[in-house]
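To start, the structure under review is shown below, and the notes come after it.
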Amino acid sequence: MPIATLSIHRGGLGEAPRRDAFEIGFEPGESILDALRRLRVDRDPTLAFRYACLNANACKECMMLLDGKVVYACTARLEPREMRLDPLPNKALLRDLATVIAPPDERLAEGGSAREGLAREGLAREGLK
Amino acid sequence: MNMTTKSAADARHLEADVLVIGAGGAGMYAAIEAARRGAGRVLLLDRSLIGRGGATVMAQMTVAAAVGPDDHWEHHLADTLAAGRGLSDPKLAALLCEVGADCILEMDAWKVGWARSGDGFAAVQAPGHDRPRCVYVDFLSTGPAVSRALRAQVQRVGPAIRRIGEVAVTDLVVQDGAVTGAAALHVATGEALTIGAAATIVATGGLTRLYARNSASLNMSGDGYALALRAGAVLQDMEFVQFFPIGHLAPRLIGMDPIMWDPFRYKLGGRLLNGAMEDFLGRWGGDAENGRYSTTRDLATYAITKEAEAGRGSPSGGAWLSFTHVPEAELRGAFGPVIDRLAANGIDLTRDAVEVSPIAHYHMGGVRVDTAMRTNVPGLLAAGEAVGGANGANRLSGNAITEALAYGRIAGAEAARIAASGETPAFSPAAASEAVARLVASSRPMNTAGMVARLQRLMSRDVGPFRTAAGLARASQALGALRAEVGEAPPGAPGVAHDLARLDWFDLRQMIPVAEAVVQAATARTESRGAHQREDFPETDEAWRLNQLLELRGETTTLSRLPVAA
């Protein structure tokens, strides 16, 4: 079974970034997303990345950098070498490989806003922070 | 476990007239309809991104609707009831067929782009239909087109619909027996959120994520069923999980939906063959297809599984699906660039057969509702696949998207009426305090991803399309052990961005009772019917023309039976 070494950016916003390397065996034809999902089950359930559909390239959530180039993790194939995975550079980092990709008007606004229809109690509390 | 002393007062709060949980086809249609009927503050939530998660976006092709000149929704209804094997609720099925056809026409005005043929819609004849009735946009991307058109329409509605993604609802809030809103995990920030709403619509789809191989998405954890059950609603027909017979099995195929062979079968027929490259459907009660796609889903699932069990399966334990008899020009004519995407996966259809086997696809059961999509709990409605009843023991091809649209529209209208009536009590933070305490609790690390994988394996092994009393008992015991392991508090701490280990814990908290509901209902039904096949009770028993209902009484889920509605 061929083995890929995934070198993965770890850490969230405001944390010193680090890299973790995982060696993972794979069946030829498997995707980066296959490997990331397996890593969560077998090695580190805290590894953060985005996806909703399962390798169907329908949700378009799993965009990340592979060796500095933007790919969909679900269509990029594993190869028997070191593969460097990083979060999208032009999006705000959430954690590890996950970034903020929702359109601005489909996010929960930071700190709340009148447009969200916040209850008075909630608004008052937000004001206290 | 370290329960913090934080309470509902620590959660961000949003207020809405109508809360819609889930932004697939049902949820988006519900939001549009609620706003059209006057709800001024509709809040549309999804645990993923709006319009990109769930099952609608994964739909490949066909949407059943009686919109042809020589068709009528009553013909569609007759086929839907026949497919349901005697367990469909005829009133709900009629709404699917009648309102669904209207929705298809309205979607046309919203420029979904239904394929045309002459003056009307192009349509194919799917197995189980008496005539060509399944409209489509494109042979492989009808679902994305439906999602896109609905999302564009939601945006056109304007500020009456507020859309927020990455919100996983963990509990409904119940006051004096009525649902007044919800508590949720904001996945992006890891923070707790509460929502007050006069009416809440569960549009969360089905439960396919309970199975290791499934055709939907990460989002379909059965969470809507668990939310409704805990809030006091009734679930029905939970034993009926539809397996799609020809899910892709091997070789590894990436960037494509595992049910993509369905449209190939529509267009080109194809041959299902056993490990020795022989036709085998006839051996298990199927008719010779002669190059036509005519075998219903439950029968094909049965035949493929039985043939493999008899030691005559394909190398990976399924069946071969072959198009090698189809000339290359015809393959290219039918599927053009898709042929190249397959080539990139090492599959040359002129030379290679592929391996297929049944894959969890849809859930016929779900939340029990009336014809206005109201549950028995005031303030709580359901829509789409989350609803049980219309499809009985087996769903007809093409009915899922139609059901999503029709029930979404009906639920949205009723939710707007409820919001205007003022019949639901106002949200009280105190009623959400237990749910919020869970959202802000901390606990030791846990391999929740591994636990989800275990649940999927045990459900696939013992609660798949073929069940026995012994297997179901084994599943029940394993689920009990898993429930104890999951415990009362999520791993880690609140406030961590995109914390999947914690999200998986909240998902397990929904998946386990839903899996238990499937096992409980499947254990009790001592007959075989449609998608529920008991190897120890292989015959269909007319005395079992009953719907099984589940509800939570205290800590116990109790089961009762009712004759099928007339």
> Can you tell which of A:Leu13, A:Leu54 is touching a residue at least 60 places away in the same chain (Cβ under 8 Å) and among the hydrophobic types (A, V, I, L, M, F, W, C)?
Replying inline: A:Leu13
> So which pairs qualify, if the first residue must be in the stretch B:463-480 and farther than 15 Å from B:Leu210 by Cβ, the second must be open to solvent by 20 Å² or more (accessible area, probe 1.4 Å), the Cβ gap must be under 7 Å, and the two must be at least 6 apart or on different chains?
Replying inline: B:Phe466/B:Thr305; B:Phe466/B:Gln533; B:Phe466/B:Glu535; B:Thr468/B:Glu535; B:Thr468/B:Asp536; B:Ala469/B:Thr523; B:Ala469/B:Asp536
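For every residue, the table says whether it meets (1) in contact with a Lys or Arg (Cβ under 7 Å, 6 or more places away or on another chain); (2) buried (at least 21 other Cβ atoms within 10 Å of the Cβ).
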| site | (1), (2) |
| --- | --- |
| B:Gly40 | no, no |
| B:Leu44 | yes, yes |
| B:Glu98 | no, no |
| B:Glu106 | no, no |
| B:Val112 | no, yes |
>> Suppose we keep only residues that are open to solvent by less than 10 Å² (accessible area, probe 1.4 Å) and either assigned to a helix (DSSP H, G or I) or acidic (Asp, Glu) (or both) within the stretch B:201-211. Which one would you say is nearest to the other protein chains (Cβ to nearest Cβ)?
In response: B:Thr208
>> If the requirement is being of a type in the set (A, V, I, L, M) and touching a His at 6+ places or on another chain (Cβ under 8 Å), which of these qualifies: A:Leu66, A:Leu97, A:Leu78?
In response: A:Leu97
>> Report every pair of residues separated by at least 6 positions or lying on different chains whose Cβ atoms are under 9 Å apart, first residue within the stretch B:407-435 and within 14 Å of chain A (Cβ to nearest Cβ) and open to solvent by 40 Å² or more (accessible area, probe 1.4 Å), second assigned to a helix (DSSP H, G or I) and of a type outside the set (Gly, Ala, Ser).
In response: B:Pro429/A:Glu121; B:Pro429/B:Val436
> Hey, does the stretch B:341-357 have a residue that's aliphatic (A, V, I, L, M), under 14 Å from B:Asp262 (Cα atoms) and assigned to a strand (DSSP E or B)?
Replying inline: yes
> Is one or more of the residues making up the stretch A:14-28 under 18 Å from B:Leu218 (Cα atoms), within 14 Å of chain B (Cβ to nearest Cβ) and either crowded, with 18+ Cβ neighbours inside 10 Å or out of contact with any strand residue (DSSP E or B) (no Cβ under 8 Å at 6 or more places or on another chain) (or both)?
Replying inline: no
> Before we move on, is B:Glu403 open to solvent by 10 Å² or more (accessible area, probe 1.4 Å), under 30 Å from B:Phe506 (Cβ atoms) and of a type in the set (Asp, Glu)?
Replying inline: no
> How many residues does the stretch A:51-75 contain that are more than 7 Å from chain B (Cβ to nearest Cβ) and open to solvent by 10 Å² or more (accessible area, probe 1.4 Å)?
Replying inline: 9
>> Show the residue pairs meeting these rules: Cβ distance below 7 Å; 6+ apart or different chains; first residue within the stretch B:300-315 and among the small types (Gly, Ala, Ser); second residue part of a helix (DSSP H, G or I) and crowded, with 20+ Cβ neighbours inside 10 Å.
In response: B:Ala303/B:Leu281; B:Gly313/B:Glu307
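So that you can scan it fast, the table gives a plain yes or no per residue for (1) within 12 Å of chain A (Cβ to nearest Cβ); (2) open to solvent by 10 Å² or more (accessible area, probe 1.4 Å); (3) in contact with a helix residue (DSSP H, G or I) (Cβ under 8 Å, 6 or more places away or on another chain):
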position	(1), (2), (3)
B:Val167	yes, no, no
B:Asp171	no, yes, yes
B:Gly177	no, yes, no
B:His186	yes, yes, no
B:Thr189	yes, yes, no
B:Ala199	no, no, yes
B:Arg213	yes, yes, yes
B:Ala216	yes, no, yes
>> Test of understanding: among B:Asp89, B:Asp71, which residue is touching a Pro at 6+ places or on another chain (Cβ under 9 Å), open to solvent by 20 Å² or more (accessible area, probe 1.4 Å), in contact (Cβ under 8 Å) with a residue 60 or more places away in the chain and farther than 30 Å from B:Val154 by Cα?
In response: B:Asp71
> Which one of these is open to solvent by 40 Å² or more (accessible area, probe 1.4 Å) and of a type outside the set (A, V, I, L, M): B:Arg133, B:Arg151, B:Arg163?
Replying inline: B:Arg151
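The values are calculated or read from the model by the stated rules, or taken from the named source; none is laboratory data. These numbers come from a predicted model, not from an experiment. Cβ atoms come from the backbone with ideal geometry, glycine included; neighbour counts cover every protein chain shown. With ligands, DNA and RNA removed, areas are computed over all heavy atoms of the protein, side chains included. Shrake-Rupley method; radii C 1.70, N 1.55, O 1.52, S 1.80 Å.
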